[in-house]
Ligand SMILES: Nc1nc2c(ncn2[C@@H]2O[C@H](COP(=O)(O)OP(=O)(O)OP(=O)(O)O)[C@@H](O)[C@H]2O)c(=O)[nH]1
Ligand SMILES: [Mg+2]
């Protein structure tokens, strides 16, 4: 899974990126100084399983962060910011967008922060970018259709119809993520990688001094309202402080977080928000050889989960042995849980639950 950080210049994207990745990252190519890094997903259940099985190989779930908007043009946080032309290249391929908005006084700007306005400015840019893509495509379809005579409905006409519908949504200043599409429509529009169709998480980057009363900052009132309206998760944090914390070793971190009044590091909160926004969950495979966390869509069934591991497992699926993670924790060992009847046999269409441990029986 890939998540891209975007926002106006100086909003704190790179600072947050370093906090998330503990300072690691390699050039993504494309942008001035775009960075990518793969971050293991923190998960207490995974840690528990690793402790219990002490496996040879350990594979946590991971999430890829892209510090994407480094090619953004110059702007003035008041909505005048314009994205550079190559800005969207890297960002188009991500699964979710993280919009970082400035909610701290910055020497880079004379004006006081206006997080709601800044978020609206970014959303507008994304919307206009999608609109541009649609208009270009419609123009081309129109030309193609004008040169062809046919009684039958052409694929271009179907595409045109969908695009016009999407355009109408954008013309009303609404993002595409709210539009319901049939499976076929999804297939037709997939390659456009529309930016406003991606799930979005909003980060309010506040000053360190405001951390103590982050819950009811007047500065964030309006942003909270728009995020609630748009059903976008809002994560409030101070990127600069998070970056400092991330550089400490684990034992020092807890103490420092406590002193700052931060309950949970940004990385954990943001990753949780990303899982939620993307509608995904984890299941596990365990054993002495390997403990591994896998990511699948919420509601996926056992055969889909099996296919995530290997296509052979889906093809030759017989049954899945399933144990709920809480049952393993309660029993304290695999054998005790199994003896207590906690290992169930499930068939293909069993809806996997978050945290399930799966062992797939198959034959190919
Ligand atoms: N006070 C304060 N300063 C911050 C915070 N986050 C970032 N800054 C400062 O703001 C400036 C810009 O931060 P960056 O992380 O480089 O911002 P950016 O969004 O990556 O900027 P561009 O790459 O130019 O688009 C730096 O001087 C940071 O130290 C924060 O939470 N609080
Ligand atoms: Mg940057």
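Identification of strands (runs of 3 or more DSSP E) wholly contained in the range 232-311 with 3 or more residues that are within 16 Å of ligand 1 (Cβ to nearest atom) and under 27 Å from residue 94 (Cα atoms) yields 234-237. All conditions in (1) out of contact with any helix residue (DSSP H, G or I) (no Cβ under 6 Å at 6 or more places or on another chain); (2) not in a helix (DSSP H, G or I) hold for residue 348, with the sole exception of (1). Taken together, 30, 23 contain a single residue that is assigned to a loop (DSSP other than H, G, I, E, B), surrounded by 15 or more Cβ atoms within 10 Å (Cβ to Cβ) and at pLDDT below 95, which is 30.
Can you find a residue in the range 54-69 that is assigned to a helix (DSSP H, G or I), at pLDDT 85 or above, more than 13 Å from ligand 2 (Cβ to nearest atom) and not assigned by TED's automatic domain parsing to the domain that holds residue 271? Within the range 54-69, none of the residues are assigned to a helix (DSSP H, G or I), at pLDDT 85 or above, more than 13 Å from ligand 2 (Cβ to nearest atom) and not assigned by TED's automatic domain parsing to the domain that holds residue 271.
Within the range 159-176, identify whether any single residue is closer than 24 Å to residue 13 by Cα, surrounded by fewer than 18 Cβ atoms within 10 Å (Cβ to Cβ) and within 26 Å of the chain's Cα centre (by Cα), and answer yes or no. No: zero hits. Could you tell me whether residue 214 is surrounded by 19 or more Cβ atoms within 10 Å (Cβ to Cβ) and within 13 Å of ligand 1 (Cβ to nearest atom)? Judged against the criteria, residue 214 is not a match.
Can you name the residue in the range 70-93 that is at pLDDT 75 or above and away from ligand 2 (no atom under 16 Å from the Cβ) and is also farthest from residue 39 (Cα to Cα) among such residues? Checking each candidate, the answer is 92.
For residue 251, the test of being under 27 Å from the mean Cα position of the chain (by Cα) and surrounded by fewer than 20 Cβ atoms within 10 Å (Cβ to Cβ) is failed. Applying the set (1) under 17 Å from residue 53 (Cβ atoms); (2) touching a helix residue (DSSP H, G or I) at 6+ places or on another chain (Cβ under 8 Å) to residue 335 leaves exactly one unmet item: (2).
The values are calculated or read from the model by the stated rules, or taken from the named source; none is laboratory data. This structure is a prediction, so every number in the text was calculated from the model and none was measured. Heads up, the Cβs are rebuilt from the backbone with ideal geometry, glycines too, and the neighbour counts pull from every protein chain shown.
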